[in-house]
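Trainee: Below is a structure I'd like to ask you about.
The values are calculated or read from the model by the stated rules, or taken from the named source; none is laboratory data. Just so we're clear, the structure is a prediction, and the values are computed from it rather than from any experiment. Note that we place each Cβ from the backbone using ideal geometry, even for glycine, and neighbour counts take in every protein chain shown. What goes into the accessible areas is simple: the full protein's heavy atoms, side chains included, and nothing from ligands, DNA or RNA. Shrake-Rupley method; radii C 1.70, N 1.55, O 1.52, S 1.80 Å.
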Amino acid sequence: MNKSLRFSILGIFLIIFGGYLPSAAHAGPSAQSGTVVLSQIKDNPCNGGGVVSAGGGRAAYLCLGWKGVQGMIDVPVKSWVTSPEYPLVGVPFKIGIGVVPNYLRAQFPPSNITFSNEIRFFGYRTEIRLVPIKPASWFDWSFNGTIDYELGDSLSYTTIENPLDKFGANLVVPSFFTDPMISSASTHDSDFYPLLTDKIGDLFPGVDTVIFSAFAPSSSYHAKNPTTYKGEPAFRLEVTSEYLVQARAKWDSYQEWESVKVGEKTECRPGPSSSGNIECMAIVGGWWQPGHYVTVDIYNYQWGAPHSASATDWVNAYPDNLERSTIDTNKVAWPDGSIHDHVPILIYQAQPLLQKP
């Protein structure tokens, strides 16, 4: 038999017995592809972002998230109060710094997203939290801010007990002055404006409220660079706070693109069965050989079983860049609703007739 005839006969046998030939392996992605995406999201849930305007002079932090699922959180705006309400020259008083709860909101709209042939999420959202951190140079208090005023003007303050003013006199706050009532952002939503107790990497967590003593030997009329508050000159007290921006991803459920058993089929394998029987003819190297039947599973790539709701751990908004993961704010809300960059402190003369008109 010549070569061409032999190949023709072989072709006929292939057609006749094609139903007995093994199917080709189903092409598809690696079974680890969904795991890779999960790892990326876990390591960097924010996936970029930064400070944006929230309108009215306020700021917010925006995380871009994955597949366009953004998250945004308002940066706290400060408030202040004094005790007594109208401090007098030469009498120590209290200042309380807190935040305005009405200006706090966290927006994390959910969405269903799919990474083609890898993984898909249902109810996926990007969440952000702002953790107050205290400045490294201010270890004598836990407040996440620094206070600044012009050197040379008449307002001084202290946060230590039995304090002295800048002239060496004892600062004894009268006992009938009560602590100012101030609000913390954590009382608005402790999940996204938390007050933590454990060290965060190289950072020390803090609180977003503080009460301290202040003293002025002259009225705010004599401030070097006064601001106007209630129509009168006031001392400028600048308070800058710092927050660590962290993010996490959360979802209701997810499915991975994986190889799933969809059925079974019978194939002829060369050689006798375990009992020594010859049941069929198998092709090996282009030639028919005695064989036996086996049942094999059929697999195909499709969405696997759903996994239950879960969330990643909190990580810095920029995991490899601490500076871009922190935000400074000096915004203060005045009683009229306007936003400014300082606290105006009015100090009144006990004997108004002695003050210059």
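Trainee: What are the residues in region 175-197 that are free of Cβ contacts under 8 Å to residues at least 24 places away in the same chain and more than 16 Å from Leu244 (Cα to Cα), if any? So that I can check it myself, show each step before the final result.
Mentor: Step one: list which residues in region 175-197 are free of Cβ contacts under 8 Å to residues at least 24 places away in the same chain, which gives 175-176, 186, 190, 197.
Within region 175-197, Ser175, Phe176 qualify.
Trainee: Going through region 238-265 one residue at a time, which ones are in contact (Cβ under 8 Å) with a residue 60 or more places away in the chain and of a type in the set (Val, Ile, Thr)?
Mentor: Val239, Thr240, Val245
Trainee: Of the residues Pro319, Pro306, only one is under 25 Å from Pro109 (Cα atoms), in contact with a helix residue (DSSP H, G or I) (Cβ under 7 Å, 6 or more places away or on another chain) and surrounded by fewer than 18 Cβ atoms within 10 Å (Cβ to Cβ); which?
Mentor: Details: Pro306 fails: in contact with a helix residue (DSSP H, G or I) (Cβ under 7 Å, 6 or more places away or on another chain).
Only one candidate qualifies: Pro319.
Trainee: With region 30-104 as the region, which strands (runs of 3 or more DSSP E) entirely inside it contain at least 1 residues that are acidic (Asp, Glu) and in contact with a strand residue (DSSP E or B) (Cβ under 6 Å, 6 or more places away or on another chain)?
Mentor: Because the criterion is at least 1 residues that are acidic (Asp, Glu) and in contact with a strand residue (DSSP E or B) (Cβ under 6 Å, 6 or more places away or on another chain), the strands (runs of 3 or more DSSP E) in region 30-104 that meet it are 71-74.
Trainee: Moving on to the next point. Modelled with pLDDT under 95, over 33 Å from the mean Cα position of the chain (by Cα), farther than 30 Å from Ile211 by Cβ and not hydroxyl-bearing (Ser, Thr, Tyr): is that true of Glu258 in this structure?
Mentor: Spelling it out, it is not the case that Glu258 is modelled with pLDDT under 95, over 33 Å from the mean Cα position of the chain (by Cα), farther than 30 Å from Ile211 by Cβ and not hydroxyl-bearing (Ser, Thr, Tyr).
Trainee: Looking at region 184-230, which of the residues that are of a type in the set (A, V, I, L, M) and in a loop (DSSP other than H, G, I, E, B) is surrounded by the most Cβ atoms within 10 Å (Cβ to Cβ)? Break it down into steps so the answer makes sense when it comes.
Mentor: Going residue by residue through region 184-230, those that are of a type in the set (A, V, I, L, M) are 185, 195-196, 200, 203, 207, 210-211, 214, 216, 223.
Imposing the further condition that a residue be in a loop (DSSP other than H, G, I, E, B) reduces the set to 195-196, 216, 223.
Values: Leu195: 18, Leu196: 18, Ala216: 26, Ala223: 23.
Looking at the filtered set, the residue picked out is Ala216.
For (1) in contact with a strand residue (DSSP E or B) (Cβ under 9 Å, 6 or more places away or on another chain); (2) of a type in the set (Lys, Arg); (3) modelled with pLDDT of 90 or more, each residue gets a yes or a no:
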position	(1), (2), (3)
Asn162	yes, no, no
Ser175	no, no, no
Val239	yes, no, yes
Arg248	yes, yes, yes
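Trainee: Something else now. As an exercise: evaluate Pro306 against (1) within 26 Å of Lys199 (Cβ to Cβ); (2) out of contact with any Asp or Glu (no Cβ under 7 Å at 6 or more places or on another chain) and give the number of the one condition it does not meet.
Mentor: For Pro306, the exception is condition (1).
Trainee: Just wondering, is there one or more residues in region 123-130 that are in a strand (DSSP E or B), at pLDDT 90 or above, among the charged types (D, E, K, R) and under 30 Å from Glu258 (Cα atoms)?
Mentor: Yes: region 123-130 contains one or more residues that are in a strand (DSSP E or B), at pLDDT 90 or above, among the charged types (D, E, K, R) and under 30 Å from Glu258 (Cα atoms).
Trainee: Ok, one more. Tyr299 fails exactly one of the following numbered conditions: (1) in contact with a Ser or Thr (Cβ under 6 Å, 6 or more places away or on another chain); (2) within 30 Å of Phe204 (Cα to Cα). What is the number of that condition?
Mentor: All conditions are met except number (2).
Trainee: Could you list all residues from region 34-50 that are more than 10 Å from Ala249 (Cβ to Cβ) and touching a Lys or Arg at 6+ places or on another chain (Cβ under 8 Å)?
Mentor: Gly50
Trainee: Could you tell me whether any residue of region 243-260 is open to solvent by 70 Å² or more (accessible area, probe 1.4 Å) and among the aromatic types (Phe, Trp, Tyr)?
Mentor: No.
Trainee: Still on this structure: Tell me, yes or no, whether region 264-280 has at least one residue that is of a type in the set (Gly, Ala, Ser), part of a strand (DSSP E or B), open to solvent by less than 40 Å² (accessible area, probe 1.4 Å) and in contact with a strand residue (DSSP E or B) (Cβ under 6 Å, 6 or more places away or on another chain).
Mentor: Taking every residue of region 264-280 in turn, none turns out to be of a type in the set (Gly, Ala, Ser), part of a strand (DSSP E or B), open to solvent by less than 40 Å² (accessible area, probe 1.4 Å) and in contact with a strand residue (DSSP E or B) (Cβ under 6 Å, 6 or more places away or on another chain).
Trainee: Being within 18 Å of Ala185 (Cα to Cα), in contact (Cβ under 8 Å) with a residue 60 or more places away in the chain and either in contact with a helix residue (DSSP H, G or I) (Cβ under 9 Å, 6 or more places away or on another chain) or crowded, with 18+ Cβ neighbours inside 10 Å (or both) is the filter here, so list the residues in region 72-94 that pass it.
Mentor: Correct list: Ile73, Val75, Pro76, Val77, Lys78, Ser79, Trp80.
Trainee: Go through the residues of region 51-65 one by one and say whether even a single one is open to solvent by 50 Å² or more (accessible area, probe 1.4 Å), under 21 Å from Tyr124 (Cβ atoms) and modelled with pLDDT of 95 or more.
Mentor: yes
Trainee: What do you reckon, is Asp297 surrounded by fewer than 12 Cβ atoms within 10 Å (Cβ to Cβ), more than 30 Å from Leu244 (Cβ to Cβ) and within 52 Å of the chain's Cα centre (by Cα)?
Mentor: Spelling it out, Asp297 is indeed surrounded by fewer than 12 Cβ atoms within 10 Å (Cβ to Cβ), more than 30 Å from Leu244 (Cβ to Cβ) and within 52 Å of the chain's Cα centre (by Cα).
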